[in-house]
Structure formats: structure tokens, C-alpha cells
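Visitor: The structure's right below; bear with me while I get my questions together.
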């Protein structure tokens, strides 16, 4: 599939979802593709709201997929403020949040946990000009 490049705005979320859902269908992982779409949606929403909007920035989000015999890999790149969602401190805070009752939880803070639960591998790379999030879903379960 050709890479997708969209404005970093909430209006772009549907295009991103459709792009990833099409890749999941092409890879033959429709059931797991639903969770992958949720994970990608979480990352894209965080990029838009926290990376761009809260910092008074504008930019694009680029999404690329690669399918091989073993997996579907989704690359999400942006030029927003650097943010490493795989930082152990961030993940620990989210895991602790899931252990609280609904009344004790603050709104949000479960996105990174959702991502880890939805994919087989989650990788972050800081780029010279922004961020790259990589999500990998295995095509077969072993």
C-alpha cells in the first residue's frame, strides 16, 4: 500500500483508521486488525492533541504499512514535540492506573496500556524531525 499522509487534526482519524483496516484485511488479520486500529487511533489522537494542539504546533501524520509472511507492521511518523510512550515510567503509571477502581482512576491514562494489549510489539524511535511509533501484529499465532 502507498503511504498515507494526513494533516495532524482530529478530522484525519477516520482516514487513518480506514488505511490501517485495509492493511489488516490485506494481511488476513481482520479480527486482530480491530485491536490494531484501536491502538493506532490512540497514538494518532495523542499526537494530535498532546503533540500538536497543546503545543500550538501544526503538522502532518504519516502512516505506512508493511506486510510480510510473518507480520503486519504499521509506522506512524509525526513532527510533533518528542514523546516516548514506551518510557518505563509512563508505562508503570498506566499499569498502576489499571489496578485502581473506576472511582479512583483519573480520566484517560490508559492509552499506552491499551496499545501494549493490542499489538505484539510496540517500538518508539526519536527522529531528527519528530517521532516514529512502530506497531507490529503477528499474522499467525504460535
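Any read-out appearing in this document is the output of simple, stated calculations on the displayed coordinates, not a laboratory observation. All values derive from a computational prediction rather than experimental measurement. FYI the Cβ positions are ideal-geometry reconstructions off the backbone, even for glycines, and counts take in every protein chain you see.
Visitor: Need the full-extension length gain, residue 21 to residue 86, defined as separation in residues times 0.36 nm minus the C-alpha distance. One decimal, nm.
Guide: Once the chain is fully extended between residue 21 and residue 86, it gains 21.0 nm.
Visitor: With the Cα gyration tensor of the range 13-66 giving a ≥ b ≥ c as the square roots of its eigenvalues, does the rule (a/c under 1.5 for rounded; else a/b larger than b/c for prolate; else oblate) give rounded, prolate or oblate?
Guide: Since a/c reaches 1.5 and a/b is larger than b/c, the shape of the range 13-66 is classed as prolate.
Visitor: Okay, moving on. Tell me the relative contact order for the range 20-88 as a rounded percent, counting alpha carbon contacts under 8 Å between residues six or more apart.
Guide: 29
Visitor: Report the full-extension gain for the segment residue 10 to residue 68: residue separation times 0.36 nm, less the Cα-Cα distance, to one decimal in nm.
Guide: This chain segment gains 17.9 nm when fully extended.
Visitor: Right, something else. In what sequence, highest mean first, do 127-139, 32-44 appear when ranked by Cβ atoms within 10 angstrom?
Guide: 32-44, 127-139
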